[in-house]
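Peer 1: A single structure is presented below for examination.
The values are calculated or read from the model by the stated rules, or taken from the named source; none is laboratory data. Please read these numbers as outputs of a predicted model, since none were measured by experiment. As a convention, Cβ positions derive from the backbone with ideal geometry for all residues, glycine included, and neighbour counts pool all protein chains shown. Areas reflect the complete protein model, heavy atoms only, side chains present, ligands, DNA and RNA absent. Shrake-Rupley method; radii C 1.70, N 1.55, O 1.52, S 1.80 Å.
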Amino acid sequence: MLFRSGAAGVLLNGGTLITSGTISGGSGGGDGYGPSMADAVQFGQVASTLNVDPGAMFNGLIVANASAAVNDVLKLSGAQSGGTAITLGTQFTNFHTLDFATGAAWTVDATKTDLTAHPLTIEGFTAHDTLDIANLPANGTSLSFNPTSEQLSISRGTTTITLQFNSAFSGKHFALNADGHGGAELHLRAGVAPTIAAAGHDLRNFVGDEHRALMG
């Protein structure tokens, strides 16, 4: 790990960086996040982990290694409070693993383009966490989860996003909700997801509102 002025704020090449403070890219150089600002955190050739605690601020891009052979990890700890919003595909790029630490409670934004560009592995995802996918309307989008491989497929038209999970989901199911900005929020809910077949056997789906109230 190397701290530099005038270039990337931190060059992370192996190991783990834990931060709840402020990291800024130097002025001039870098691929930029704003005029003449270098990367806040730049990852090298050795797999590394950036552990973000509540309150952490980043001025500049956070650029992981795009190589499939290097598994850079973005880890989130604690309950999200202040600091820089986590957005995969804009300020945070090229991460292969998103890890929610035990007890974490975070909302992570991600662009549809980023999630379709390369597979993302998500660890530790619980009912306290949210993945908000921009430009993917919840209405008309389907979810298909394979409990054996722990892969979730999110499909809408010609778009398919595949997320690889590594968590215990017994007795829970995934759900999508509109985020109010044209995107979809992915949540984990308690209970088994309702099926079309189950809905078809519920007589309340075939009667009017005035009779449905009488059926309880």
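Peer 1: For region 129-159, which positions are buried (at least 16 other Cβ atoms within 10 Å of the Cβ) and not in a strand (DSSP E or B)?
Peer 2: Correct list: ASP129, LEU136, ALA138, THR141, GLU150.
Peer 1: Checking ILE154 against (1) among the aliphatic types (A, V, I, L, M); (2) within 22 Å of LEU76 (Cα to Cα); (3) under 14 Å from the mean Cα position of the chain (by Cα), which test does it fail?
Peer 2: Of the numbered conditions (1) among the aliphatic types (A, V, I, L, M); (2) within 22 Å of LEU76 (Cα to Cα); (3) under 14 Å from the mean Cα position of the chain (by Cα), the odd one out for ILE154 is (2).
Peer 1: Also, quick follow-up: Going through region 1-60 one residue at a time, which ones are aliphatic (A, V, I, L, M), at pLDDT below 95 and either open to solvent by 60 Å² or more (accessible area, probe 1.4 Å) or assigned to a loop (DSSP other than H, G, I, E, B) (or both)?
Peer 2: MET1, LEU2, ALA7, ALA8, ALA38
Peer 1: Next question, about the same structure. Which members of region 178-194 meet the condition of being more than 13 Å from ILE154 (Cα to Cα), open to solvent by 20 Å² or more (accessible area, probe 1.4 Å) and in a strand (DSSP E or B)?
Peer 2: Once the filter is applied, which keeps residues that are more than 13 Å from ILE154 (Cα to Cα), open to solvent by 20 Å² or more (accessible area, probe 1.4 Å) and in a strand (DSSP E or B), region 178-194 yields ALA178, ARG189, ALA190.
Peer 1: Checking the conditions here, which among GLY103, GLY78 is open to solvent by 20 Å² or more (accessible area, probe 1.4 Å), touching a Pro at 6+ places or on another chain (Cβ under 7 Å) and over 20 Å from PHE174 (Cβ atoms)?
Peer 2: Working: GLY103 fails: touching a Pro at 6+ places or on another chain (Cβ under 7 Å).
Going through GLY103, GLY78 in turn, just one is open to solvent by 20 Å² or more (accessible area, probe 1.4 Å), touching a Pro at 6+ places or on another chain (Cβ under 7 Å) and over 20 Å from PHE174 (Cβ atoms): GLY78.
Peer 1: Among the residues of region 73-127, what is the count of those that are of a type in the set (A, V, I, L, M), under 16 Å from HIS187 (Cα atoms), without any contact (Cβ under 8 Å) to a residue 40 or more places away in the chain and not in a strand (DSSP E or B)?
Peer 2: Looking only at that region, the number is 1.
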